[in-house]
Amino acid sequence: MAGALRTPRFLLLAAALVVAVFAIYGQVYDHQFIAYDDDSYIYTVSEVQDGLTLHGLRWAFDGAHAGNYHPLTWLSHMLDVSLFGLRPGGHHVMNVAFHAANAVLLAGVLISATGAFRPGAAVAALFALHPLRVESVAWASERKDVLSTLFGLLALAAYVRAVRRPGIGRTLADFGLAPRHLAVLGLFFLGLLAKPMLVTLPFALLLLDFWPLGRFRAAGTGGATATAFRERPWVRPALEKLPLLLLSAAWSLLTVWAQTTDVLPIVKPAFLTRLGNAALSYVKYLGSFVWPAQLAFLYPYPTEGGAVAVSPAASIVAAAILVAITAVVIVYAKRRPFLPMGWFWYAGMLVPVIGLVQVGGQERSDRYTYLTTTGIAIAFVWLAAANWPRRAGLRRALGAGFLLVLALLGTVAWTYTGYWRDSLRLFAYTVDRTRDNYLVLNNYGTALMQANRIDEAIKWLRETARVNPEHCNAHYNLGVALVKQDRFTEAVIPLLRSLKCYEDEGRVGIYIADTHYNLGVALSGMGKYAEAESHLRAALAIAPRYPGASAALGETLRRKALTSGAPAATRP
């Protein structure tokens, strides 16, 4: 890697990648935070709002927050606040800078590992410009993607350097404990502290051992296990990964704990449904890589009447496609070793987020392709390089064609990034390009309500409840929107539905308090003061300082007293 960095053409490549990334994504400087996760990561989190502090440092490492244990990501957001305050532009530009650095690092790793400059540069350019990267770069709360990838690529670079310069300490090296391997372990650990999806990195290193490093073909020398190394050359590379694999296993358990204790599932598909959807998602990600059209920031699980519904026939066809591709790359493994390396890189790195363990309500998400589809790019680019024509004219034509593809991808990425300017624009775009997307419909309705466009909000919130009658927030937000228009009689039914829905889901605290409060306001507006009093007292019992609840209860008791002729209570 160090040698590659010193060459003038690599420096030129690095500069071109940085310029291209900022040309596409520099527009995010004027973008706002998105009212979907950005609140949970940045502008409503008091520890983040205070910037980088000792208390924030302890809080970040103290436990799981927002469904994950990723303290380094929290510290990164805190540092942004210290540097830029809560102005969104600085937070966004930092994501862009990390993405530019990742593109340069990827180029350096591939060129150093393979010795092939042009293919390595081509893969890095695809990584930098592909529209699938937009979600990870333009969304401030996806800092964890670009940050974890930075440390993951640094770990890859350190690993390639360690393999190219074996050094001393053979016995320690056999078990991944030599100083050069400890650097890889340390960088891997930092990557996990930014996002747990990086747990598959040890398997990516084994794939690098297979190709391009070619370590599976080399016999071992010396040491107590020399015979095993000569007979099975994959043993030494596998043993080297033991510390990394142990860390991966521990982090996987930590992540499962964090997500099961801090996240309530939005959808609960059966295992066979999740398995079928996983097969479909693998194929859909491939399709989006080849033809990145109709991209959206959230793809909902298909539902029928609120129940998850995935086509068994489509899942079987998708599984057959995956089996066929796997068979082909294995058949050509000796002649074209980059094919299985790229394919299994893609397939393996997606495993933690392919939906076998369901978190959230998404069918799939473009952010999960941030590093994973690099394997597909490697397979495509090196296959093209292996079959590159000899005729100079044809070579120039194909090179120009590739530059045209990059320009088209960059144009699509630039256009799509523009839709991330603010919540209303992004939600409207997503609703237009997805079907029955009740999660985004609900957020679109609430964003319209916050913009005081109440009639439009009610329209989309009614649509949300129609698409998924089991979505508690849709009923709650519809009730709140109707209360804002003093349509109290209409508001009571959705609010009662949301209250029952929250109780059935086991929700506690502010969810229940909010609903009781709004029911109290609606019922008081209808003149049903006794029922209103009951709900307002329930809200205060849960949250004694609930904003406006005491005043609303006092007004309700005053009106109740006037209608009954009794003196009003002075202290509710």
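The values are calculated or read from the model by the stated rules, or taken from the named source; none is laboratory data. Model, not experiment: these values are computed from the prediction. Neighbour counts are summed over all protein chains in view; Cβ atoms, including those assigned to glycine, are modelled from backbone coordinates with ideal geometry. In case anyone asks, the SASA skips ligands and DNA or RNA and just uses the protein heavy atoms, side chains included. Shrake-Rupley method; radii C 1.70, N 1.55, O 1.52, S 1.80 Å.
Considering amide H positions built from the backbone, and no H for Pro or chain starts, which residues 5 or more places from Met526, or on another chain, come under 5 Å of its amide H?
It is none; the list stays empty.
Can you list the residues, at least 5 places off or on another chain, whose amide H is less than 5 Å from the amide H of Arg364, using H built in the peptide plane?
Residues meeting the amide H criterion: Tyr299.
Counting C-alpha atoms alone, how compact is segment 48-124: give Rg to one decimal and Dmax as a whole number, in angstrom.
Cα radius of gyration and Dmax of segment 48-124 are 17.0, 48 Å respectively.
For segment 426-572, what number results from the quotient of the Cα radius of gyration and 2.2 N^0.38 Å? Spell out each step's value before the answer.
Working: Rg = 16.4 Å, N = 147, 2.2 N^0.38 = 14.7 Å.
It is 1.12.
Taking the Cα atoms only, what angle lies between the long axis of helix 242-262 and the longest principal axis of the chain, rounded to 10 degrees?
Its long axis makes an angle of about 10 degrees.
Apply the Karplus curve 6.51 cos²θ - 1.76 cosθ + 1.60, θ = phi - 60°, to the phi angles in segment 497-507 and return the couplings in whole Hz, x for Gly and Pro.
In residue order, the calculated couplings are 4, 5, 4, 5, 4, 5, 5, 5, 7, x, 5 Hz.
With all pairs of different alpha carbon atoms counted, what Kirkwood hydrodynamic radius in Å does segment 233-373 show?
Working: mean 1/r = 0.0587 Å⁻¹.
Taking every pair of different Cα atoms in segment 233-373, averaging 1/r and inverting gives 17.0 Å.
Structure shown: which of Lys195/Lys268; Lys268/Lys459; Lys144/Lys241; Lys484/Lys528 lie over 20 Å apart, alpha-carbon to alpha-carbon? Please list the in-between numbers first.
Working: Lys195/Lys268 24 Å; Lys268/Lys459 27 Å; Lys144/Lys241 24 Å; Lys484/Lys528 18 Å.
Beyond 20 Å: Lys195/Lys268; Lys268/Lys459; Lys144/Lys241.
Charges only on Cβ, +1 for Lys and Arg, -1 for Asp and Glu: so what's the dipole of the chain about the Cα centre, in debye to the nearest 20?
Details: 52 positive and 35 negative charges, 462 e Å.
Around 2220 debye, computed over the chain.
Counting only protein heavy atoms and using a 1.4 Å probe, what share of the accessible area of the chain belongs to carbon plus sulfur, as a whole percent? The partial results should precede the final answer.
Numbers: 16040 of 25430 Å².
After summing per-atom areas, the C and S share lands at 63 percent.
Among Leu495, Thr73, Tyr43, pick out the residue whose Cα is farthest towards the positive end of the charge dipole of the chain, where Lys and Arg carry +1 and Asp and Glu carry -1 on C-beta, about the Cα centre.
Of the listed residues, the answer is Thr73.
Mind jotting down the distance between the C-alpha centroids of segment 19-73 and segment 289-344, whole Å?
32 Å
How far is helix 423-433 tilted off the main Cα axis of the chain, in degrees rounded to 10, range 0 to 90?
Taking the Cα atoms of the chain, the angle to 423-433 is about 70 degrees.
Which angle from 0 to 90°, rounded to the nearest 10, does the C-alpha axis of helix 392-418 make with the longest principal axis of the chain?
Tilt relative to the chain: about 20 degrees.
Using the heavy atoms of the protein chains alone and a 1.4 angstrom probe, what is the accessible area of segment 57-176 per residue in square angstrom? Before the final figure, lay out each step's value.
Numbers: 3510 Å² over 120 residues.
Normalised by residue count, the accessible surface of segment 57-176 is 29 Å².
Amide H of His65: which non-local residues (sequence gap of 5 or more, or other chain) have their own amide H closer than 5 Å, using H built in the peptide plane?
His70
Quick one: plug the Kirkwood hydrodynamic radius of segment 466-532 (C-alpha pairs) into Stokes-Einstein at 20 °C, 1.002 mPa s, and report D in µm²/s. Walk me through the numbers before you get to the answer.
On the way: Rh = 11.7 Å.
Taking Rh from Cα pairs, D becomes 184 µm²/s.
Tell me, what ³J(HN,Hα) does each residue in segment 180-194 have, in order and in whole Hz, if you take phi through Karplus 6.51 cos²θ - 1.76 cosθ + 1.60 with θ = phi - 60° and put x for Gly and Pro?
3J(HN,Hα) across segment 180-194, in whole Hz: 5, 7, 5, 4, 4, 4, x, 5, 4, 4, 4, x, 5, 5, 9.
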